[in-house]
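Encoded as structure tokens, the structure appears first; notes follow it.
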Amino acid sequence: MKVRVRLLLFGVMAPAAGLTLALLIAGFTFREEQLASVDRELRARAAVESVGVSEGEGLHLHLGRAPFASGFSDFDPRGALYDEQRLVTHDPSGSAAPGRGPFAYEQLNEPRLWTAGGRRELAVAVPGADAGRYVLRMSCSLKPVRETLNAYLRTTTALIALVVLLLVALWTWLARSLSDRLEHITQRLPAGDELPSWQVEPGAPADEITALDSALQAAFGRLRKAKEAQDEFLGRAAHELKTPLGVMGAEIDLALRRERSVDELRQALVGSRREVQRLAQLSERLLDLTAVSGLQLEHADVDLVRVLYEAVDSAEAAFDNAGVKVLVHAPGQALCRGDSQLLRQALDNLLANAIRYAPKGSTIRCEVSVQRDKVSVEIADEGPGIPENEHDRIFQPFVRGKSAQGQGTGLGLAIVQAITTRLHGDVQVVPAPNGACFRLRFPVPNRASQ
């Protein structure tokens, strides 16, 4: 069902049904209130007439001479007094007397009210001053009630019909406007894989549809950037893979061009194996980078100090081979919210990066600190450092600093940034007097849950 139809159904039919139901309930309540008003007047007049009969003032009625509540005389009130066998008197004398009614004296221990022939009827047992037993009958016409109720229903029905017509016109215009705007957005969506340059319609009202338009603009902007980054990544990956494959092909072609000695063939195989190892390392790094985004995380409270010491202990042999020392400054414990495996991988990558560029005899410094809502760890080396204009680019895939001199795959820092992003943290290059310093920051555990 289209939005336009749903808006008309719920915007017109539901209010119309509610108004109709309200009209019926109000009409019924109004009628009952009118009947209750008539009944009160009949009871009051019957009480007055009963007093006259029971106190010996004579067997006569005073309806034609007694005043009524405002407007009640229009109800054609009539009264009659019956003994056990006949009509004794009635009033007004020029009108037809109400019949005795279906109730005998013994049945009228309390007043009886009913409706018959378009009139409201009342029967009351009245003991006479002469010890006689009389039945006082009173009635009044319900025509004024019907006329008032009909006038009320006509007026309210006309008003409801007018309201419904206004609702139909209003919701038709509103539904057409909303539907046209949604259809316009749908028509602007691309049919294929292309990403349009989405722009919010000028002059659109500030409502939810415009907010949707703005959200689509932001989403397509992010998609374009992601596609550009993906294309750039694939281009760089292809270039990185092409280089060792080209070297291997050249080595093999050169070995096959003429007869070679065993030493020459061995040398060609050694060169090819070196490039194979480089391809394997590059492939492993690419898998690590793609795995970070799809990995199922186990968020928990992790002691960053413990993870750092584990990473340092694991890299002890690499420190010795590189001829560098490591110095750790950390409190007894520093809890952060994250995944221990990914945290360890990020620290391993930063330590490996520091070992690669740290000169022999230098010291790699590792320091953990706790702020109010963040836990940070810094890993600094005394190598050539990173120029300030490369601080942001250094985390992009396949980007190496000027001091790298072809070392590494250019994916280690990209993996570190991908990990920190997944763990709602951040990584940045911190200015240092000499060498390079990387700072990782992660959120602390929620204190309310502790």
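Identify the single condition in (1) in contact (Cβ under 8 Å) with a residue 12 or more places away in the chain; (2) in a helix (DSSP H, G or I) that Leu81 does not satisfy, given that it satisfies every other one.
It fails just one condition, (2).
Report whether or not Ala129 is of a type in the set (A, V, I, L, M), exposed (fewer than 14 other Cβ atoms within 10 Å of the Cβ) and touching a residue at least 60 places away in the same chain (Cβ under 8 Å).
Judged against the criteria, Ala129 is a match.
In this structure, is Leu136 within 14 Å of Val53 (Cα to Cα), at pLDDT 85 or above, of a type in the set (A, V, I, L, M) and surrounded by 14 or more Cβ atoms within 10 Å (Cβ to Cβ)?
So Leu136 passes the test.
Determine the pairs where a residue that is farther than 17 Å from Ser139 by Cα and in a helix (DSSP H, G or I), located within segment 100-111, has a partner that is of a type in the set (D, E, K, R) and at pLDDT 85 or above with Cβ atoms under 6 Å apart, the partner being 6 or more residues away or on another chain.
So the pair list comes out as Tyr105/Arg133.
Identify all residues within segment 365-390 that are β-branched (Val, Ile, Thr) and under 15 Å from Pro433 (Cβ atoms); write none if there are none.
Once the filter is applied, which keeps residues that are β-branched (Val, Ile, Thr) and under 15 Å from Pro433 (Cβ atoms), segment 365-390 yields only Ile386.
Looking for whichever is surrounded by 13 or more Cβ atoms within 10 Å (Cβ to Cβ), not assigned by TED's automatic domain parsing to the domain that holds Leu81 and not β-branched (Val, Ile, Thr) here; the options are Ser95, Ser179. Which one fits?
After ruling out the rest, the residue left standing is Ser179.
Checking the structure you have, find out if any residue of segment 222-229 is surrounded by 12 or more Cβ atoms within 10 Å (Cβ to Cβ), modelled with pLDDT under 65 and over 30 Å from Leu182 (Cβ atoms).
The answer is yes; a qualifying residue exists.
The values are calculated or read from the model by the stated rules, or taken from the named source; none is laboratory data. Treat the numbers as computed from the prediction; the structure is a model and nothing was measured. With ideal geometry, Cβ positions are generated from the backbone for all residues, glycine too; neighbour counts draw on all protein chains shown.
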